[in-house]
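The values are calculated or read from the model by the stated rules, or taken from the named source; none is laboratory data. Values in this document were obtained by computation on a predicted structure and should not be read as measured data. Glycine also receives a Cβ, built like all others from the backbone with ideal geometry; neighbour counts cover every protein chain displayed. Note: areas computed on protein heavy atoms with side chains; ligands, DNA, RNA excluded. Shrake-Rupley method; radii C 1.70, N 1.55, O 1.52, S 1.80 Å.
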Amino acid sequence: RLWVQQLHKLSVIFNFTLAFSQAKLGDAADCLTSQERPLVNQAPWIVNGALDYDNQDVGFRARLLYNIIGPRIIQVGAQGLPDIYMQPRHQLDASLSQEAFEGFRINANARNIVNDAVRATYGEEDDGSDVVLQREFRTGVSFSIGASYNL
């Protein structure tokens, strides 16, 4: 029964966004490959989620964050070259915080835990068939520990 009492300290947050944009360029932009395309950096969908735990009785907080952004144009193609798309990648972050004594708090954070690759491709589809990889890299995982004191 103790775990049931702890559930009220747990929060689940979820956000899903759908977006549609379209640029119609016409004759003024003959050098651009796509005369109709989504706006640059406009993802068709975004998913965010968080799991929060806040136990004020003992001064402990924890948060797990998840984010993924749909494929989006990062560079418009010109002279017959296709648009360059940033492909979706999973990002997971975590933070822990413990109040040691009144006003003094210790924090620990981890960012980009899964270290998913950042991938840019010529063309939108990333199904492994006809898309050409433009660049790929990993940003790495970062950790931080800190302390704060509030008067």
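Here is a list: 124, 102. Which entry is open to solvent by 60 Å² or more (accessible area, probe 1.4 Å), over 15 Å from residue 63 (Cα atoms) and touching a residue at least 40 places away in the same chain (Cβ under 8 Å)? It would help to see each step written out before you state the result.
Values: 102 fails: touching a residue at least 40 places away in the same chain (Cβ under 8 Å).
Within the list 124, 102, the selection yields 124.
Conditions (1) free of Cβ contacts under 8 Å to residues at least 24 places away in the same chain; (2) open to solvent by 40 Å² or more (accessible area, probe 1.4 Å); (3) touching a strand residue (DSSP E or B) at 6+ places or on another chain (Cβ under 7 Å), marked per residue:
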residue	(1), (2), (3)
70	no, no, yes
86	no, no, yes
93	no, no, yes
96	no, yes, yes
109	no, yes, yes
135	yes, yes, yes
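Of all residues in the stretch 27-61 being among the charged types (D, E, K, R) and part of a strand (DSSP E or B), which is farthest from residue 74 (Cα to Cα)? Lay out the reasoning, then the answer.
Restricting attention to the stretch 27-61, the residues satisfying the condition of being among the charged types (D, E, K, R) are 27, 30, 36-37, 52, 54, 57, 61.
This time we only want the ones that are part of a strand (DSSP E or B), so: 36-37, 52, 54, 61.
Working: 36: 15, 37: 12, 52: 33, 54: 38, 61: 37 Å.
Among those residues, the one meeting the criterion is 54.
Look through the stretch 85-106, keep the residues that are outside any loop (DSSP other than H, G, I, E, B) and under 19 Å from the mean Cα position of the chain (by Cα), and return whichever of them is nearest to residue 145 (Cα to Cα).
Our first condition is that a residue be outside any loop (DSSP other than H, G, I, E, B); within the stretch 85-106, this holds for 85-86, 91-101, 104-106.
In the following step, the residues that additionally are under 19 Å from the mean Cα position of the chain (by Cα) were identified as 85-86, 91-95.
On the way: 85: 35, 86: 31, 91: 20, 92: 17, 93: 14, 94: 12, 95: 10 Å.
Out of the qualifying residues, it is 95.
Please verify whether residue 82 is in contact (Cβ under 8 Å) with a residue 40 or more places away in the chain, crowded, with 16+ Cβ neighbours inside 10 Å and within 20 Å of residue 115 (Cβ to Cβ), treating the condition exactly as stated. So that I can check it myself, show each step before the final result.
On the way: in contact (Cβ under 8 Å) with a residue 40 or more places away in the chain: yes; crowded, with 16+ Cβ neighbours inside 10 Å: yes; within 20 Å of residue 115 (Cβ to Cβ): no.
Here the answer is no, as residue 82 does not meet what is asked.
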